[in-house]
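Accompanying notes for the structure given below.
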Protein chains: 4
Amino acid sequence: MLHEATMRLGQIPLPAFFSSILLALTVILILKSGVSEDQVTHVLERVEALGFQAHLSRGTYRTIVGIIGDESQLTPESLSAIPGVSKVIPVLPPYKLASLEAHPEPSVIDVSGVKVGGGHLAMIAGPCSVEDPERMDRIAGLVRAAGANLFRGGAFKPRTSPYAFQGLGEEGLRILRDVGRKHQMPTVTEVTDPRNVELVAEYCDMLQVGARNMQNFVLLTEVGRTQRPVLLKRGMSATITDLLMSAEYVLSQGNPNVVLCERGVKGFDSATRNLFDVAAVPAVKTLSHLPIIVDPSHATGRPDLIPACAMAGLAAGADGVHIEVHDCPEEAKSDGPQALLPGQYAELMHQLRDLAHLLGKSISPLPGVAA
Amino acid sequence: MLHEATMRLGQIPLPAFFSSILLALTVILILKSGVSEDQVTHVLERVEALGFQAHLSRGTYRTIVGIIGDESQLTPESLSAIPGVSKVIPVLPPYKLASLEAHPEPSVIDVSGVKVGGGHLAMIAGPCSVEDPERMDRIAGLVRAAGANLFRGGAFKPRTSPYAFQGLGEEGLRILRDVGRKHQMPTVTEVTDPRNVELVAEYCDMLQVGARNMQNFVLLTEVGRTQRPVLLKRGMSATITDLLMSAEYVLSQGNPNVVLCERGVKGFDSATRNLFDVAAVPAVKTLSHLPIIVDPSHATGRPDLIPACAMAGLAAGADGVHIEVHDCPEEAKSDGPQALLPGQYAELMHQLRDLAHLLGKSISPLPGVAA
Amino acid sequence: MLHEATMRLGQIPLPAFFSSILLALTVILILKSGVSEDQVTHVLERVEALGFQAHLSRGTYRTIVGIIGDESQLTPESLSAIPGVSKVIPVLPPYKLASLEAHPEPSVIDVSGVKVGGGHLAMIAGPCSVEDPERMDRIAGLVRAAGANLFRGGAFKPRTSPYAFQGLGEEGLRILRDVGRKHQMPTVTEVTDPRNVELVAEYCDMLQVGARNMQNFVLLTEVGRTQRPVLLKRGMSATITDLLMSAEYVLSQGNPNVVLCERGVKGFDSATRNLFDVAAVPAVKTLSHLPIIVDPSHATGRPDLIPACAMAGLAAGADGVHIEVHDCPEEAKSDGPQALLPGQYAELMHQLRDLAHLLGKSISPLPGVAA
Amino acid sequence: MLHEATMRLGQIPLPAFFSSILLALTVILILKSGVSEDQVTHVLERVEALGFQAHLSRGTYRTIVGIIGDESQLTPESLSAIPGVSKVIPVLPPYKLASLEAHPEPSVIDVSGVKVGGGHLAMIAGPCSVEDPERMDRIAGLVRAAGANLFRGGAFKPRTSPYAFQGLGEEGLRILRDVGRKHQMPTVTEVTDPRNVELVAEYCDMLQVGARNMQNFVLLTEVGRTQRPVLLKRGMSATITDLLMSAEYVLSQGNPNVVLCERGVKGFDSATRNLFDVAAVPAVKTLSHLPIIVDPSHATGRPDLIPACAMAGLAAGADGVHIEVHDCPEEAKSDGPQALLPGQYAELMHQLRDLAHLLGKSISPLPGVAA
């Protein structure tokens, strides 16, 4: 024999877009054992004062309160400060625009003609830092020949040491743009300063937000105000929810073009530079429509492990692979040790192409080039 | 206006001891959005087939099921395999005998006359391994003079390398016992093999289960069958719940004499050997009646940080401090680098005694010695 | 202009087997800045007293000491206890028999006719726990038809709760053996108690040492005394070096048949049960000749992520995949939620077989069955 | 018998300030076993081409190269890209101005009259966010009466959700300044945008850089260009070296006024919000002259654990304690659940004052108020 209680929902006015997701139970409060009647009353008053409906279920020893309303107006953890509340359990995810509920089909992001997502693979390659034009031209030619469809290089480098090479700045942007144009490859570069977002967006096709800036909300807001595709790298201690919340920052500013990137999280084993969380790829796909690629260069920090991890990422369902390539790693201005040589990259691309074929996916052709 | 549903509880027969804790809501199931009527019915049937009562709350978009009954008969995670279940939320902790609900006052454990817990501090000191009798005698004399009340030394050593010194075995137990007797100090030693538990229990006053064996359930069961106090060290990747579940193994066998030990968990920064989780001390005290001590020697692996971390542990509410002391660390058979010299230990004990006084606690006197 | 110093090696007698690896610089000591002459002399005396040769390099501000000799006789960390030593840097890995230096070709382990390693893939499948004979027979038939070549099931279960199902014991071993024989599949089961190793080895073809027992050195020693192949799972906070050291325990007892298993390490994101460290697969292959398989069931704890992670593991170079399969996960005695249904397993095996083919590997045929 | 090699140092011109630290062995390279003569020659040429001196030590099986020169000009990891190099071991820390070598005495930072460091304790208290003036005035009065000497409140809030309260902005700065002035308490507030640094510096006495911005090097550079004291919080996955490198960014811009803050790192146990790394306090003191305080509010996220962790931090040697205080946590605009009530704070301050006295330290008096 079952005991039933049907929740009756109030007439809360909601933005049309969210109404189908949000008109629902959003949070469950478990009250402390031994909570007093006055405390229960206070909890219910408090929830209603915040503009939500409360639904009380009273057991012999434990009482729970269901909260109904627009969660985007609610910070669940704040509820745990109400006296008598033992545990706060959010039922809905805190991100909306990034969720599968908001957009059940995989998004396909267009990076100046190169499609990413929905079976289209991004193959991003290039040196860590933008270097001199000749070297950039040479590397671009080699990675393009190997099958890369997006060319990368950093002009503004976030370096842990103030004494390390900080990038060529606007001069680097210019070199990157010119080399990209020559080889018909759209370009990707990192932006680190909210004051530079517009400048970088003029020169480059895709704006990278690096792992250390994943929760730099000021920067996220600025890149969200452009329409440039954003490559958002996962922070080293960011959960998948954190990553999607940072994507939500960009999306909520009106820029829907976000590509996520798993690049390793902090681990305890110094055998690799970071811990490559390959399961994040399929896990994101159960929650979000946004494409997600992998970066085995930063994830491992070891060229000898990059090919295996690139294959693993693709096999796990990634929408692309980001790899640093340099023709003379020992001369690289930064992060040389984690770069592949152009020949190694070409060999890996051969394997990745075969694997993509097996998985029913394909590397997006360059704009203006027949597939 | 509030919606109420009172849970009516069935007449489930329960052991008298647990009845006040267990006759309660134990688990909440959140069903998937879009769950079918058939699936809901199946969930309810399944819960009742397991011998529990189900309580259904149906919202417009989400449905939840409260489960009532004796949680000790339930493995909450198994419920997540029922089709239509999205999330399983345990309400009650999975340990019973170790919980504050079962025993609201702090336990005081008696180690052959030395009290631990409830304001009585254990000061455990001695070398990592039992070494020759002369050295043991010398160190025991020094740590006793400094104020230690339990003497430690390992006869069976769990070493990561099969080529490293593995301990003196029974000969070591004999040395430890004889030296302890001479100095009137109860002894602590590690047990690693379920076949040796009885042997070790004959020689020593307190059985240590090391971090690497915290989830060696066979060993926990054996030490639970003795009445010897157990020093249970937290595993390097064990949550506080895991630690209390391991204590529950010992308690559920009939041995109520468990002292917990925080000794550092796995961290990402090689600056210290482990990450000393000092907040585990007060966190355990909100959940359990068992005493908990700290081990800054293993937590840091650095003698220069031991005094600060010992002070921190005591200030956080620990019921004692475990420190390795050796009179010539460079000659130690194992773990020399994390040992204090006897002089350093004496100086630290001076500070710890002052801090204990400030906190209204005291170092337990040796048996047969006036406080 | 370069400054050279050639090390002259002493005539240290070494076991023939190790001589080519060990007659080398094994450890570097960096002394503290401002170290006194007396301390330097003492360091050198101490190193020589331990039976090693010391090689001093003196800079203006820093002095370093190279140590030459048989590292298997040395616990490097103990050297850091010598006054004046600032840092100890091991040059050689602490494991020998498990290292590529000892055995440069990949090992191929024979599990009663099923080859593992060197291009031969182990596909281990079956329920978490051994259950009733009919169910075991049914599942074995299904996973065998799907292509599994080793059948698993736990008779002795290490459960975090003392109140949870602990396995059927010897009765379970008998069921597993009988079902395996009927289907011509060698069997894998976990051993948790050193007193049971012989018993388990009589019934089963491969002995699993679980993650929680990876540093249960007593158990490792016992399984090392059999000749049964051992499936050694990585502990949740074990580094790759720790894992190889545990393998070394088994190897050093005379049992060369060790298969490693990556099954996820402790992570900070509750999105998955553990953090699947896929990079451990290629990382192990740069260090050791032992095969390594992956277990996406325990690594993720989520059936919806298992296929992607199984593919990732194989793509990264794993020598096999361990997957829990149950025909009715909600009725499973343990860990139901992380099991695949037989149909899902068959579909995944189809993809894994294609991927294996692409990688030039193949699933080992069952003994007595043509490939 | 010992083998000696004395390094002869070249005449490398160095800035006077660094000469005593840097004219030393900075990096050791361990070459691969089996490295060829050509590779060795290339390594040496490469090191010299970078402007360093190389010192070769050749063993029978392993060869090592010591590198001498100004490490601030060297990115050690780049050396690992040179063919034949197996391992790169930095000998000197990568930070200079933050190191004890540069400044052997503890720094004392003056925050508009309140001293921090060298035995002077900062007691920072206030709500998470700046709220309305009446509430701010009330809380300031209460924490001042309890003994706090710096008043905090956030006007620009880095929130994980774009839909959460983002702070009052400049209006908040004005409220904070006015309330601080009225109570004669210098103020602390977070800065998140490099474009706002000047603005915030005009209103407030101490600029906080939050954990999520610890490696926002653009922001660090901007706060380094002011002379305002900086409260630099440790990032959730930052090592102690990372933290000191971020401090180096500020110091290298000419602002010597940095106070570090341990506020918990990412851990695997959800029992606490973060893992309070109390050992970081004494560990920093072995490396740096900068003061370090603790923030148990963010470290634990649980008011019931804050007092124990505040005591632990002070006992471990912290130069102050940062605690969030709110007179009605359930109404707090942000992070209410981790705030203490004013009465709880007063009680804790009583205990902290006694502990400070025991440790020979004292809470810095307010400016213009007799101690």
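Under 13 Å from the Cβ of B:GLN344, count the other residues' Cβ atoms, weight Lys and Arg +1, Asp and Glu -1, and hand me the total.
Result for the local shell: -3.
When Cβ neighbours within 10 Å are restricted to other protein chains, what is their mean count per residue of peptide B:301-311?
6
Taking accessible area as the heavy-atom solvent-accessible surface of the protein chains with a 1.4 Å probe, which residues of the range B:211-227 lose no less than 30 Å² upon going from the isolated chain to the full protein assembly?
Those are B:ARG212, B:GLN215, B:ASN216, B:PHE217, B:VAL218, which lose 30 Å² or more relative to the chain on its own.
Calculate how steeply helix A:306-315 sits against the longest principal axis of the alpha-carbon atoms of chain A, using the helix alpha-carbon long axis, and give the answer as 0 to 90 degrees to the nearest 10.
The helix A:306-315 is inclined about 50 degrees to chain A.
Taking H placed 1.01 Å from N in the peptide plane, check which residues at least 5 places from A:SER288 or on another chain put their amide H under 5 Å from its amide H.
Counting only residues 5 or more places away or on other chains, the set is A:LEU100.
Give me the residues in the range C:244-290 whose solvent-accessible area, probe 1.4 Å, is reduced by at least 50 Å² once all protein chains are included instead of the chain isolated.
C:MET245, C:TYR249, C:LYS266, C:PHE268, C:ASP269, C:LEU275, C:ALA279
Out of the total accessible area of the range D:60-211 (probe 1.4 Å, heavy atoms of protein only), what percent is carbon and sulfur?
Of the solvent-accessible surface of the range D:60-211, carbon and sulfur hold 49 percent.
Give me the percent of accessible area attributable to carbon and sulfur for the range A:304-361, probe 1.4 angstrom.
Heavy-atom surface of the range A:304-361 belonging to carbon and sulfur, 1.4 Å probe: 50 percent.
Restricting to bridges with both residues inside the protein assembly as shown, how much of the DSSP beta-bridge set is antiparallel, in percent to the nearest 5?
40 percent
Can you work out the accessible area per residue across the protein assembly as shown, with the rest of the protein chains kept in place, probe 1.4 Å, in square angstrom?
I get 33 Å² per residue for the protein assembly as shown.
In deg cm²/dmol, rounded to 500, what helix-only [θ] at 222 nm does chain B give when every DSSP H run of at least 4 residues adds -39500 (n - 2.57) and the total is split over its residues?
Mean residue ellipticity, 222 nm, calculated: -9000 deg cm²/dmol.
Once amide H atoms are built 1.01 Å from N in the peptide plane, which residues 5 or more positions from A:GLY126, or in another chain, come under 5 Å H to H?
Hits under the 5 Å cutoff: A:ARG152, A:ILE323, A:VAL325.
As a test of the definition: with a 1.4 Å probe, what buried accessible area, both sides summed, do you compute for D against A, in Å² to the nearest 100?
Looking at D and A, the buried total is near 3900 Å².
Distance between the C-alpha centers of the range C:290-348 and the range A:149-211? Whole Å please.
So the separation of the two Cα centres works out to 41 Å.
I'd like the Karplus ³J(HN,Hα) series for the range A:186-203: coefficients 6.51, -1.76, 1.60, θ = phi - 60°, whole numbers in Hz, and an x wherever there's a Gly or Pro.
x, 10, 10, 8, 7, 10, 10, 10, x, 6, 9, 4, 5, 4, 5, 5, 6, 8
Out of the DSSP beta bridges found with both residues in chain D, what percent are antiparallel (nearest 5)?
Beta bridges within chain D, antiparallel portion: roughly 45 percent.
Taking beta carbons within 10 Å but only from partner chains, what does the mean come to for residues A:237-243?
Partner Cβ neighbours, averaged per residue: 6.
Magnitude of the Cβ-charge dipole of the protein assembly as shown, K/R +1 and D/E -1, about the Cα centre, nearest 20 debye?
That gives a dipole near 0 debye.
Quick one: net charge around D:ALA98, please, counting Lys, Arg +1 and Asp, Glu -1 for every other residue with C-beta under 13 Å from its C-beta.
Net charge in that neighbourhood comes out at -1.
Relative to the longest principal axis of the C-alpha atoms of chain D, give the angle of the C-alpha long axis of helix D:133-146, reported between 0 and 90° and rounded to the nearest 10°.
That works out to roughly 70 degrees.
Tell me the angle of helix C:37-49 to the major Cα principal axis of chain C, expressed in degrees between 0 and 90 and rounded to the nearest ten.
The helix C:37-49 is inclined about 50 degrees to chain C.
Just to be sure I follow the rule: in the range A:109-363, considering lysines 8 or more places apart or on different chains, how many pairs have Cα atoms under 26 Å apart?
Final tally of qualifying lysine pairs is 16.
Along the Cα-to-Cβ line of D:ASP110, 7 Å from the Cα, sits a label point; which residues in the range D:234-269 have backbone N less than 17 Å from it?
Counting only backbone N, you get D:255-259.
By the scheme Lys and Arg +1, Asp and Glu -1, what is the net charge of all other residues having a beta-carbon under 13 Å from that of C:PRO329?
-4
Enter the mean number of other protein chain beta carbons within 10 Å of the beta carbon of each residue in A:80-88, as an integer.
Mean inter-chain Cβ contacts per residue within 10 Å come to 4.
For the range D:319-334, in order, what is each residue's ³J(HN,Hα) by Karplus, 6.51 cos²θ - 1.76 cosθ + 1.60 with θ = phi - 60°, in whole Hz (x at glycine and Pro)?
Values, residue by residue: 8, x, 9, 10, 9, 7, 10, 9, 7, 7, x, 5, 9, 4, 5, 7 Hz.
Describe numerically, in nm with one decimal, the distance between label points set 7 Å from Cα along Cα→Cβ at A:SER86 and at C:ASP354.
Placing both labels 7 Å along Cα→Cβ, they lie 5.0 nm apart.
At a 1.4 Å probe radius, carbon and sulfur cover how many percent of the accessible area of the range C:233-279?
42 percent
Give a residue-ordered list of calculated ³J(HN,Hα) values for the range A:265-278 (Karplus: 6.51 cos²θ - 1.76 cosθ + 1.60, θ = phi - 60°; whole Hz; x for Gly, Pro).
Result, rounded to whole Hz: 10, 5, x, 9, 10, 6, 4, 10, 5, 9, 10, 6, 8, 5.
I want to check the label-to-label distance for C:GLU134 and D:LYS182. Put each point 7 Å from Cα in the C-beta direction and report it in nm to one decimal.
So the two model labels end up 7.9 nm from each other.
Using every Cα-Cα pair within the protein assembly as shown, state what percent have a distance larger than 60 Å.
12 percent
In µm²/s, what is D for the range D:232-371 at 4 °C and 1.567 mPa s, where D = kT/(6 pi eta Rh) by Stokes-Einstein and Rh is the Kirkwood radius from Cα pairs?
The calculation lands on 81 µm²/s.
The values are calculated or read from the model by the stated rules, or taken from the named source; none is laboratory data. Treat the numbers as computed from the prediction; the structure is a model and nothing was measured. In this analysis, Cβ positions are derived from the backbone assuming ideal geometry, glycine residues included, and neighbour counts consider all displayed protein chains. For the accessible areas, the whole protein counts, side chains as well, though only heavy atoms, and no ligand, DNA or RNA atoms are used. Shrake-Rupley method; radii C 1.70, N 1.55, O 1.52, S 1.80 Å.
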